[in-house]
1. Counting only other residues whose beta carbon sits under 13 Å from that of Asn126, what net charge do I get with K and R as +1, D and E as -1?
2. Taking every DSSP beta bridge with both residues inside the chain, roughly what % is antiparallel (nearest 5)?
3. Let me know the shape class of the stretch 146-255, please: from the alpha-carbon gyration tensor, a ≥ b ≥ c as square roots of the eigenvalues, rounded when a/c is under 1.5, otherwise prolate if a/b is greater than b/c, or oblate.
4. Just need the Rg to Rh number for the chain, please, alpha carbons only, Kirkwood Rh.
5. If you restrict to DSSP beta bridges whose two residues both lie in the stretch 46-279, what percentage is antiparallel, to the nearest 5?
6. With every protein chain kept in place and ligands, DNA and RNA left out, what is the accessible area per residue of the chain? Probe 1.4 Å, answer in Å².
7. Could you give the length gained by full extension between Ser281 and Ile312, i.e. 0.36 nm per residue of separation minus their alpha carbon distance, to one decimal place?
8. Just to confirm my numbers, what's the Cα centroid distance between the stretch 273-324 and the stretch 330-347 in Å?
Amino acid sequence: MRFSKKVQECSLSPIRKFYPYAEEAKRQGKRIYHLNIGQPDVETPRAFFDAVQNFAQPVLAYAPSPGLPVLIEAVIQYYEQLGIHYEPGDVTVTTGGSEALSIALNCILDDGDEIIVPEPFYPNYNTFARIAGAHIRPVETRPEEGYRFAIREKIEAAINANTRAILFSNPGNPTGTVLDESELRLLADIAKEHDLFLIGDEVYREFVYGGEQLTSIGQYGDIAERAIIIDSVSKRFSACGARIGMLITRNKELQQHAMKICQARLSVATLDQIASAALYSAGSGYFDTVRAEYRQRRDTIYQKLSVIPGVICSEPKGAFYVMAKLPIDDAEKFQTWMLQEFSDGNETIMLAPGAGFYATPGRGRDEVRLAYVLKQSDLERAMDLLALGIHEYRNLNR
Ligand SMILES: Cc1ncc(COP(=O)(O)O)c(C=O)c1O
């Protein structure tokens with residue numbers, strides 16, 4: 001049988017592709033600490049489950065294609081608190097930020113188009129861009145420079161006649177980089193000057209650890225037509241399984257095109273929308289507690305990584321990931337070995353090998369992304385296992 005070139009050019013997610021090895025290791029009784037996936041262990045606010053329990057309608061009906069008004073209103077109120085005003089027609093509810101990305105890219109990209117993305121980047125961007133017929137044009141960044149990419153010359157050097165958009169996550173997955181106000185403004189200016197869409201993936205907005213103000217590209221009125229925000233309850237409320245996200249833009253034409261795809265997929269899960277609307281009543285105290293917890297985890301992982309001989313990394317400022325260069329030949333080989341051969345007290349760890357976070361061939365082979373989503377004691381143990389694993393692996397490969 002024949003398969004599309006588009007899908008053949010995609011790869012399995014580096015975050016999930018080692019699961020078969022992990023399943024086998026678990027069958028053999030090994031405990032695995034998961035640092036590979038951004039699945040927080042912080043409890044989802046009770047309001048979500050209470051809303052599910054209180055659901056009293058006799059039929060679980062389709063929701064409207066744009067999303068349930070109760071959730072759209074909750075999202076609008078949330079943005080009002082950030083000083084950003086949206087109308088109901090500016091917010092489309094999607095199945096996670098993932099579907100918002102996929103719909104947005106399918107609305108703006110044709111075969112042969114390009115989007116500019118700073119690398120390393122969230123690997124699924126590549127899949128969504130390829131399926132829409134386009135390619136990622138990466139902008140290289142360096143750990144020594146805190147992975148900063150909002151530099152006019154760097155971005156303009158990547159723009160050509162096929163460029164349609166700049167896509168970035170802020171705070172950054174996998175780098176933890178947080179853009180400051182002047183950097184965001186620069187991206188908005190470049191998008192304006194070169195007639196590009198600016199897609200801000202802001203699913204980690206609350207996760208900033210230096211006291212920064214929460215930002216959004218939605219704050220710039222002069223790019224209202226070209227700003228597309230990808231948002232989600234997954235990380236914000238530790239509700240990844242709800243699968244609720246949003247595509248937010250004031251560009252009415254884009255929303256109309258998006259609605260064609262939304263109507264074709266009918267609707268987003270009704271009960272999850274009702275329960276997600278309830279999450280937005282959590283209040284700022286909730287975010288303060290969660291942020292303090294993650295800041296502590298960030299400090300732990302960074303401190304532990306910094307003392308492993310040969311490891312190079314820079315302190316992440318946001319999200320809940322850190323990218324690190326390990327003193328090994330190949331992170332995929334190392335990960336397979338950690339799952340198949342290594343064990344200390346019948347325990348091991350899972351990481352996300354770095355190559356899949358890059359579009360440039362050859363980059364990221366000796367890097368890994370670690371997600372600090374485990375509670376303090378588990379995180380400490382996981383980092384001790386990493387240090388031991390690196391030591392043993394290097395001895396074997398001498
Ligand atoms: C940067 C980024 N964007 C989007 C998503 C998609 O999240 P979801 O579909 O759960 O909203 C993720 C998930 O890890 C992510 O890290």
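1. Value of the local net charge: 0.
2. 45
3. oblate
4. Ratio of gyration radius to Kirkwood radius for the chain: 0.96.
5. 30
6. Per-residue value: 43 Å².
7. 7.1 nm
8. 25
The values are calculated or read from the model by the stated rules, or taken from the named source; none is laboratory data. The shown structure was predicted, so the numbers you read here are calculated from the model rather than taken from an experiment. With ideal geometry, Cβ positions are generated from the backbone for all residues, glycine too; neighbour counts draw on all protein chains shown. Heads up: the accessible areas ignore ligands, DNA and RNA and are worked out on the full protein's heavy atoms, side chains in. Shrake-Rupley method; radii C 1.70, N 1.55, O 1.52, S 1.80 Å.
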